[in-house]
1. Among the numbered criteria (1) among the polar types (S, T, N, Q); (2) assigned to a helix (DSSP H, G or I); (3) at pLDDT below 95, which one does Thr189 miss?
2. Checking the condition more than 25 Å from Leu359 (Cβ to Cβ) and in contact with a helix residue (DSSP H, G or I) (Cβ under 9 Å, 6 or more places away or on another chain), which residue from Leu120, Leu142, Leu162 passes?
3. Please work out if Gly62 is farther than 23 Å from Gly355 by Cβ and over 21 Å from the mean Cα position of the chain (by Cα).
4. How many residues does segment 198-216 contain that are assigned to a helix (DSSP H, G or I), of a type in the set (Val, Ile, Thr) and either surrounded by fewer than 23 Cβ atoms within 10 Å (Cβ to Cβ) or touching a residue at least 60 places away in the same chain (Cβ under 8 Å) (or both)?
5. Given the criterion free of Cβ contacts under 8 Å to residues at least 24 places away in the same chain and surrounded by fewer than 23 Cβ atoms within 10 Å (Cβ to Cβ), identify the matching residue among Val136, Val140.
6. When segment 156-176 is examined, which residues are found to be farther than 22 Å from Ile317 by Cα and free of Cβ contacts under 8 Å to residues at least 60 places away in the same chain?
7. What are the residues in segment 24-51 that are of a type outside the set (Asp, Glu) and farther than 21 Å from Val362 by Cα, if any?
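The values are calculated or read from the model by the stated rules, or taken from the named source; none is laboratory data. Remember, it's a predicted structure, so these values are computed and weren't measured experimentally. Here Cβ is always computed from backbone atoms with ideal geometry, including for glycine, and neighbour counts include all displayed protein chains.
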Amino acid sequence: MPAEPAAPSAADEEDARSRRVRRIVAVLALAAVVPALYLPGRVHDFFDLKIYLRAMRWWASGQPLYDYVQPDRVQGELYFTYPPFAALLLRPFTLIPLGATELVFTVLTVVGVVVTTRWLVLPLVDRHGLPRVFTVVVAVLLVLAVESTRETITFGQINMLLVVLILADLLFAVPRGSRWAGVGVGLATALKLFPGIFIVYLLATRRWRAAAVASATAAGATLLAAAVAPGDSWRFWTHELWSTERVGRTDYTGNQSLFGLLSRLTAPERPSQLGWLLLVALVAGYGLWRAARAAGAGDHLAGLTLTGLVAALISPITWTHHIYWFVPAVVVLVDAALRAGPGTGRRRLWFALAGGVSLVIVYGVVTFQDWGVSPVRTDDPVDFVVRNTYVLLCLLLLVALPTRTVEKSHQMDRSAN
């Protein structure tokens, strides 16, 4: 008969208690630090959300939706810039008090952070035998600490809704061949054009049915909005979509895209459109090639992360709150480090890169700096690096982000629970 397992010794029990205490202290310390990171963002006072709601009230009063304009100290004039389908979803919020709307947006963003972080981290926990509750709690607190999340909450943005739709689709529905595959990406694209790059990703990975469903979903939502608001829809798709000046100044440091980088090099003049388009073609081609290879190897998380980084780089306007995609990049790097042999150079490299990325995205680009109002050219090397930190980090990850093996990464698709 097999021998009974030995009872834990007093030393083992003491060591287990010590680990629990250290984990509790770590969680409490991190939970105490996170609110302090939000203090500078209080000045935003749900600025973007208030623009949305004022534009909705303007629209409800019978005015053309895209005529709404609001003065801004930095950007000059700001307009409502989302597609008409997003306006349909935002309009009911004019029926409830502003404070209640702010609470709803904040709660939904926090719930979105918890849900998506759990999706990303649990496969890591199960694969490497990490403490489940502690790891998820620490990861959630860290994601709440990064600048993109802080800016999303304090401005009152809808970014986490888009992230939930994209991750649910590309981590679970698409790899499993679900009949719903593509719906999440399609809805996200109809709400805000930025996620449309993921339809291109589905095409690049030869997910023909999912790409067709995503396209049809986006088109259906757009046609629904056109049926409700035909004039505003026609105006958006034929004119306002192409007017990047409606969104804000492209040279402002908060715009962490390739076009923003070029705009800061040439300010106050606009950069060459042809030069920018050539750079976009190069970055998009390389990034999507890498994303398709990652997906082909079974690493769906690395594939969608690379695609998100491409989207951030090639969009004319990519505000800091748009770049959620550093978060899954850190998860991929940590997983790659844990899978590498102990003491190896590759393990140290991935951990160092994950730690470096985490520090950068927590401190951020705009939270603790006032970049002023006037366009200023980045003709100093240090200034160039500081004002384009996220752009350069996206380019680095586009090249350096590792791709995991099929056997390991397939666990990512089975971890919804």
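1. The number of the failed condition is (3).
2. Values: Leu120 fails: more than 25 Å from Leu359 (Cβ to Cβ); Leu142 fails: more than 25 Å from Leu359 (Cβ to Cβ).
Residue meeting the stated conditions: Leu162.
3. Working: farther than 23 Å from Gly355 by Cβ: yes; over 21 Å from the mean Cα position of the chain (by Cα): yes.
Answer is yes for this residue.
4. Pass one, segment 198-216, residues assigned to a helix (DSSP H, G or I): 198-204, 208-216.
Of the ones still in play, those that are also of a type in the set (Val, Ile, Thr) are 199-200, 213.
With either surrounded by fewer than 23 Cβ atoms within 10 Å (Cβ to Cβ) or touching a residue at least 60 places away in the same chain (Cβ under 8 Å) (or both) added as a condition, the list becomes 200.
So the answer is 1.
5. On the way: Val140 fails: free of Cβ contacts under 8 Å to residues at least 24 places away in the same chain.
It is Val136.
6. Ala168, Asp169, Ala173
7. The initial filter retains those residues of segment 24-51 that are of a type outside the set (Asp, Glu), namely 24-44, 46-47, 49-51.
Within segment 24-51, Ile24, Phe47, Leu49, Lys50, Ile51 qualify.
Matching residues to (1) crowded, with 16+ Cβ neighbours inside 10 Å; (2) in contact with a Leu (Cβ under 7 Å, 6 or more places away or on another chain):
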site	(1), (2)
Pro268	no, no
Ala295	yes, no
Ala312	yes, no
Thr318	yes, no
Trp325	yes, yes
Val332	yes, yes
Gly343	no, no
